[in-house]
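See below for the structure under consideration.
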Amino acid sequence: MIAQETKLKDCYILTPKIIEDERGYFFESFNKKNFQQLTDLDIDWVQDNQSKSQKGVLRGLHFQIGAFEQAKLIRAVKGSVLDICVDLRVKSETFGEYVAIELSETNNKQVFLPRGFAHGFLVLEDDTIINYKCDNYYNKNSERGIQFNDKQIDIDWNFPQKDVVLSEKDKALPTLSEYLNGV
């Protein structure tokens, strides 16, 4: 596995070593010992989640607060997404900045985002399946989010906004400024 730190501290793109032959391929999608050696991070995963979505569905930007903050390791099992990680650590040099990476079943890349980040993704193909590990349990009362099209963050989704499919909950999310001001 290769771990490449992004411009956002402790946010990594992980690329597995893929072994291919006439039967297909094999790769190790996670190895705690290797992950620790490559990142100097000791993460204990406690929950795996999976979602299936159609092209144009946008999920996010979501995060949890307080004692229920979550680090996540995300990968596309089938199809592809544009995955977005936003640094919400107020004291971070890269607060409010984001990284975007395409995760797909063909590139087999994963993205690790630490606690204190918002996460979202735009589905690029029908029947896309995303799997992600969390280092903390989901807690409904700690769930928060910010608008995917917040002008302060200015994410380039490279997709027509009129074609984005959002949940009612995601349509009602505040901007980053509204969230920070307690609105």
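Laboratory data are not the source of any read-out in this text; all were calculated from the coordinates shown. Because the structure is a prediction, the values reported are computed rather than measured. Positions of Cβ are backbone-derived with ideal geometry, glycine not excepted, and every protein chain shown enters the neighbour counts.
Within the range 5-56, the set of residues being farther than 30 Å from V164 by Cα, acidic (D, E) and surrounded by 11 or more Cβ atoms within 10 Å (Cβ to Cβ) comprises just one member, E28. Within the range 150-166, being farther than 19 Å from L8 by Cα, of a type outside the set (D, E) and touching a residue at least 60 places away in the same chain (Cβ under 8 Å) holds for N158, F159, V164, V165, L166. Taken together, the residues in the range 89-133 that are more than 19 Å from G56 (Cα to Cα), of a type in the set (A, V, I, L, M, F, W, C) and either buried (at least 20 other Cβ atoms within 10 Å of the Cβ) or in contact with a Cys (Cβ under 7 Å, 6 or more places away or on another chain) (or both) amount to 6.
Residue-by-condition table, conditions (1) touching a Leu at 6+ places or on another chain (Cβ under 9 Å); (2) under 23 Å from K171 (Cβ atoms):
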| position | (1), (2) |
| --- | --- |
| L61 | yes, yes |
| I65 | no, yes |
| F68 | no, no |
| A76 | yes, no |
| S80 | yes, no |
| V90 | yes, no |
| V99 | yes, no |
| N107 | no, no |
| A118 | yes, yes |
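Scan the range 136-170 residue by residue and report those that are of a type in the set (D, E, K, R) and either exposed (fewer than 11 other Cβ atoms within 10 Å of the Cβ) or not in a loop (DSSP other than H, G, I, E, B) (or both). Passing the criteria: K140, E143, R144, K151, D154, D156, K162, D163, E168, K169, D170. Got at least one residue in the range 59-81 being part of a loop (DSSP other than H, G, I, E, B), farther than 26 Å from N139 by Cβ, touching a residue at least 40 places away in the same chain (Cβ under 8 Å) and not small (G, A, S)? Within the range 59-81, not a single residue is part of a loop (DSSP other than H, G, I, E, B), farther than 26 Å from N139 by Cβ, touching a residue at least 40 places away in the same chain (Cβ under 8 Å) and not small (G, A, S). Name the single residue that is farthest from Q70 (Cα to Cα) among those in the range 131-182 being touching a Ser or Thr at 6+ places or on another chain (Cβ under 8 Å) and not charged (D, E, K, R). Among those residues, the one meeting the criterion is Q152. Only one of the numbered conditions (1) outside any loop (DSSP other than H, G, I, E, B); (2) farther than 16 Å from D135 by Cα; (3) among the charged types (D, E, K, R) is violated by D48, and that is (2).
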